[in-house]
Amino acid sequence: MNDPFTHLAEKTGRTMPEWIVVVEGSGLSKHSEIVAWLKADHTLTHGFANGIALAFRNRGESDAEDDLVAVQYSGAKAPLRPIHDGLVAAATAFGADVEAVPKKTGVSLRRSKQFALIEVPSAKRVQLGIQLPGEPATERLQVGNAMCSHRVTITSVAEIDEELLGWLRAAYERAR
């Protein structure tokens, strides 16, 4: 079957992932609103607008792990992907029992249970949730939420340093 969006970039100047980012920036969520907005503000045909709206509303629902991560780090968040990859590489080096499990909004790092959670809440930072109950908070190792006891904000690969890796390893060792 032919992909109806084969010529999307050629006809509109943007690929589907780029259109998804544009729609994300609009703040719209209803299918009909997105279609109307794309037709009015971006002069798209109904077919392209409808397809983009469908793709936007179905984003991140693929079961393929690579697709889930790719969606999280698409568009403006793409430059943060090396941080994700560095964290996963560091965690999986702790032992063969480490699993990186992509979800719709983050990647869970698990052993027998989750010990960390990698999320990308904005185009400027990655947030690493770490399970370290009882550990005192610091300026960098901040109090977390129900999912993880602590969190660390990371804006560059250089911030995956010995201190951060020490917290991540401690969480790994506690997750037996």
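Among helices (runs of 4 or more DSSP H) entirely within the stretch 28-108, having at least 3 residues that are in contact with a helix residue (DSSP H, G or I) (Cβ under 6 Å, 6 or more places away or on another chain) singles out 31-42, 46-57, 81-92. Remark: Pro133 matches the filter, which requires a residue to be open to solvent by 70 Å² or more (accessible area, probe 1.4 Å) and in contact with a His (Cβ under 9 Å, 6 or more places away or on another chain). Every test in (1) farther than 21 Å from Glu18 by Cα; (2) touching a residue at least 40 places away in the same chain (Cβ under 8 Å); (3) of a type outside the set (Lys, Arg) is passed by Leu80 save one, and that test is (1). Screening Lys39 against (1) open to solvent by less than 40 Å² (accessible area, probe 1.4 Å); (2) modelled with pLDDT of 90 or more leaves a single unmet condition, (1). Selection of the stretch 58-74 for residues being surrounded by 14 or more Cβ atoms within 10 Å (Cβ to Cβ), modelled with pLDDT under 85 and of a type outside the set (Gly, Ala, Ser) yields Arg59, Asp67. Going through (1) outside any strand (DSSP E or B); (2) out of contact with any helix residue (DSSP H, G or I) (no Cβ under 9 Å at 6 or more places or on another chain); (3) open to solvent by less than 60 Å² (accessible area, probe 1.4 Å) one by one, Gln127 falls short only on (1).
The values are calculated or read from the model by the stated rules, or taken from the named source; none is laboratory data. Because the structure is a prediction, the values reported are computed rather than measured. In this analysis, Cβ positions are derived from the backbone assuming ideal geometry, glycine residues included, and neighbour counts consider all displayed protein chains. All accessible areas refer to the heavy atoms of the entire protein, side chains included, with ligands and DNA or RNA removed. Shrake-Rupley method; radii C 1.70, N 1.55, O 1.52, S 1.80 Å.
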